[in-house]
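Encoded as structure tokens, the structure appears first; notes follow it.
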């Protein structure tokens, strides 16, 4: 198997630990992880009033809108923004997610990992590197193959 990397998303409130469920996370941090190294890539904030969208606009560049409901669409819009932010990721680490959230994450082709307890981000990355070094589980093999094909497509476009 060709050496690859995983783009990893981590739901966090502290920026140091996997310590938040997906919908209430204040931040999602992103890392590229290979068997030999890891690199911090980005951090998106999802605090009060923050959608997490990089451009701050709705789909299609507009201001966005939602149907009226009890919470003015904020929780569904927040989930959509969070799932949108996971684009290009292979795996999401979180302390919890509902069935609906899990389906939306999987539909985005991201493997959700629900942690039973809070863990340091460094510990999670080290564990991933050990898995990459040995015989990775099937979900990781699939993620690596997906990553390889995406990388080859990008390289073909650049040449």
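Yes or no: residue 122 surrounded by fewer than 13 Cβ atoms within 10 Å (Cβ to Cβ) and either part of a helix (DSSP H, G or I) or at pLDDT 90 or above (or both)?
The answer is yes for residue 122.
Of everything in the range 27-46 that's assigned to a loop (DSSP other than H, G, I, E, B) and touching a helix residue (DSSP H, G or I) at 6+ places or on another chain (Cβ under 8 Å), which residue is surrounded by the most Cβ atoms within 10 Å (Cβ to Cβ)?
Filtering the range 27-46 for residues that are assigned to a loop (DSSP other than H, G, I, E, B) and touching a helix residue (DSSP H, G or I) at 6+ places or on another chain (Cβ under 8 Å), the one surrounded by the most Cβ atoms within 10 Å (Cβ to Cβ) comes out as 46.
Go through (1) under 17 Å from residue 27 (Cβ atoms); (2) assigned to a helix (DSSP H, G or I) for residue 89 and report which single condition fails.
Looking at each condition in turn, residue 89 falls short on (2).
For the range 115-138, indicate whether the set of residues that are over 21 Å from residue 34 (Cα atoms) and without any contact (Cβ under 8 Å) to a residue 24 or more places away in the chain is non-empty.
yes
Filter the range 9-26 for residues that are closer than 22 Å to residue 143 by Cβ and part of a strand (DSSP E or B) and give the result.
Answer for the range 9-26, where residues must be closer than 22 Å to residue 143 by Cβ and part of a strand (DSSP E or B): 9, 10, 11, 12, 18.
The values are calculated or read from the model by the stated rules, or taken from the named source; none is laboratory data. These numbers come from a predicted model, not from an experiment. Neighbour counts are summed over all protein chains in view; Cβ atoms, including those assigned to glycine, are modelled from backbone coordinates with ideal geometry.
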